[in-house]
Each structure stands twice: as structure tokens, then as C-alpha cells.
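Asks: Sharing a structure below in C-alpha cells format, with a few things to ask.
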Amino acid sequence: MKTNSTNLGLVTKKFNDFFLVDFLNQLNSDNSDKFLCKVKKSINFKDQLIYVGDKVGIEKIDFRSKRAVITSLKKRKNLLVRPSVANISNIYVTFSVDEPELNLSQVNRFLISAESMGVEVSLVLTKCDLISDKRRSYLLDKFKKWGYQVITLNPQKSDCFKNLLAELKQKECSIFIGPSGVGKTTLLNMIIPGLHNSTAPVSKKIKRGKNTTRNVELFSISNQSYIVDTPGFNMQPLEVDIKLLPNLYSEIYKQVIEEGIKCKFRNCLHLMDEGCNLNKSFERYPFYKEMIESSKSHYYQNQED
């Protein structure tokens, strides 16, 4: 059976000139079908590429051969650069508390990179069986002051994972990002039955894991809820307008928006600026200051180039 009416689909995998697409509006009783699609030759999407996670219009649908043609590209909400995936709704920044050792500066950069996407951001800590309850409580308190309610995972306590899975099934499209070796692949294998991605141990020499995943793909975990399977190390390069950086730190945002503190100048970067009234005693301020200075250097370097 073929149909020429336009239907909405979701790109779940991309390879060469082909795309795997799920229907987002039900055409038949089996809404789990995936269709192999190519882009209509006469269509030009203004030099835009189609990425995993994009919503597309599809026509010439053949249910027998499971093939169709992509005829339109819908406006996307966002685009993660590395890995290339569109329309993310939730980012779970994932780090292990040990093996490899937790690096707070790196955690901060991942969180701010995620915040720059303008989506809901959560922090996940894995391998919590390797630390004491006292250390776990200390980390929970620390990150609460950063503005995050932390999800802690312990392989010996299944309830933690069950709660996370139930949460993921309420989201539209979630992705786990973080350095290699923190357990993202193991976590995805638990979330997606039958995935069986290979894992690699943490290198004793370089103190980080090896990349094991190769292709970006979306997997359905509930009705119109998807999880992204990503290739290895994946942090979006931080290219945030320096004027927007203060808004990405909850400690600064809270003071400026909720408490209504006012600096002398509206574009105050809260460094050693004249008339700055920001309380700089919060823990992440050195990280913030470092990122501001780094962004300034990057800006002036680009100006010289």
C-alpha cells in the first residue's frame, strides 16, 4: 500500500544518503515501523543538512517495502554539534564519582555547555558504590549549592535506576553527555534492552575511558519518548556570547533576577567591574571568572584573525 499524503516523521538514524524515520502521526495500527527514506531530489533545504532528531515531512510511503521520501524539513529547536543531533529536550550531564576521579572544573564546563542549549539540564553521578555515604552526601550538598538536584546511581541499588528510567519516559528526547569512562554506555545498555553496546575499561595510563560507541541513533523508550545513543566523548564546544555567560550560572541568575541586585552598569560581567554589587562568595565563582577570561581571549583572537 502506498500513500502520497504528507506525514510527520522523526529521523532516528542517518547513514550515507539514507535516513531511518519513525512516524510521529499514526498512519496504521503498527506505529513502531521504521521507514528507510531518501530526500526528494528536487528539494533544496537551503543548504541545510538533515540530522538525527530532525522532524521531517515524508511522502510516497510504501508500507510493504518500508520506504518513503523526505519532502520537507521542519524548523528545529536546537542542534548539538558533537555529536550532531537535533531537537534535544533534556541533557543529562554524566560523571563518575571515581575511576575516573571527579573533576569539578570539567563538571562545571559540561554543565554550562549544556545550559547554553536552553534545555532542561540534570546532573548524574555514577559509580556511587565506590564512595562512602558521607562523601555522597557531601557531593549532593555541593551540587545543590550549584543549583542542581543530583541523580546518583549505585549498581547495588536498583531503585535509583528505576527512578531515572521513569523520569526519562516522561521526556521528549534525552541525551547523556560526559567524558569517556564514566559509564554512559553501561547506562544506555540498561535503558535500551538489546542495545549491547561494547564497553571499555578506564585506561590506567591516561585515567579515562576509551570511546566504544560509533553511530548516533535515537531509541524509543516510551510513547514519543526517545533516548540518544551517542559516540564516545561528546561535549558541545563552548561558544557562548560572553554577555550571556552570567545567565548560565544559577548563583548569578538568582541574585540578579530573584533578589534584584543591580550593578552600576547593565552589561556588568561581575569581575572587578566598577560598581559591581554581586556577592562573589559562591563556590563556582573562580570557574566563572576563568570562563569569562577564556571567552575574552577567544574573542580577541578571532578579531585579530
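Asks: Which pairs do you get when a residue that is free of Cβ contacts under 8 Å to residues at least 40 places away in the same chain, found in the range 155-166, comes within reach of a residue that is in a loop (DSSP other than H, G, I, E, B) and of a type in the set (A, V, I, L, M, F, W, C), reach meaning Cβ atoms under 8 angstrom, with the pair 6+ apart or on two chains?
Replies: C160/L153; F161/L153
Asks: So in the range 120-172, with the set limited to residues that are among the small types (G, A, S) and exposed (fewer than 14 other Cβ atoms within 10 Å of the Cβ), which one is nearest to R109 (Cα to Cα)?
Replies: Applying the filter and picking the extreme gives S137.
Asks: Regarding the range 232-239, can at least one residue be identified that is more than 23 Å from I177 (Cα to Cα), among the aromatic types (F, W, Y) and at pLDDT below 90?
Replies: no
Asks: Another question about this same structure. Residues that are modelled with pLDDT under 95, touching a Pro at 6+ places or on another chain (Cβ under 6 Å) and either closer than 30 Å to D241 by Cβ or surrounded by fewer than 20 Cβ atoms within 10 Å (Cβ to Cβ) (or both): does the range 83-100 have at least one?
Replies: yes
Asks: Between a first residue in the range 249-271 that is over 18 Å from S116 (Cβ atoms) and a second residue that is aliphatic (A, V, I, L, M), which pairs have beta carbons less than 8 Å apart while being 6 or more apart in sequence or on different chains?
Replies: From the range 249-271, the pairs are Q255/I261; Q255/L278; I261/L278; C263/L278; C268/L278; L271/I292.
Asks: Residue check, S65 against (1) in contact (Cβ under 8 Å) with a residue 40 or more places away in the chain; (2) surrounded by fewer than 16 Cβ atoms within 10 Å (Cβ to Cβ), all met but one. Which one?
Replies: Against the list (1) in contact (Cβ under 8 Å) with a residue 40 or more places away in the chain; (2) surrounded by fewer than 16 Cβ atoms within 10 Å (Cβ to Cβ), S65 comes up short only on (1).
Asks: Now for a separate question. From S294, S222, which residue is assigned by TED's automatic domain parsing to the domain that holds V107 and either closer than 15 Å to R109 by Cβ or modelled with pLDDT under 90 (or both)?
Replies: Exactly one of S294, S222 is assigned by TED's automatic domain parsing to the domain that holds V107 and either closer than 15 Å to R109 by Cβ or modelled with pLDDT under 90 (or both), namely S222.
Asks: Has the range 253-267 got at least one residue that is aliphatic (A, V, I, L, M) and not in a loop (DSSP other than H, G, I, E, B)?
Replies: Checked the range 253-267: at least one residue is aliphatic (A, V, I, L, M) and not in a loop (DSSP other than H, G, I, E, B).
Asks: Suppose we filter the range 68-95 for residues that are farther than 25 Å from K40 by Cα, in contact with a Cys (Cβ under 9 Å, 6 or more places away or on another chain) and part of a strand (DSSP E or B); how many remain?
Replies: Matching residues across the range 68-95 total 1.
Asks: For V39, are the conditions met, namely being touching a helix residue (DSSP H, G or I) at 6+ places or on another chain (Cβ under 6 Å) and surrounded by 14 or more Cβ atoms within 10 Å (Cβ to Cβ)?
Replies: no
Asks: For the list (1) surrounded by 15 or more Cβ atoms within 10 Å (Cβ to Cβ); (2) under 22 Å from T186 (Cβ atoms); (3) not basic (K, R), I need the number of the one condition that N108 fails.
Replies: (2)
The values are calculated or read from the model by the stated rules, or taken from the named source; none is laboratory data. All values reported here derive from a predicted model rather than from experimental measurement. Heads up, the Cβs are rebuilt from the backbone with ideal geometry, glycines too, and the neighbour counts pull from every protein chain shown.
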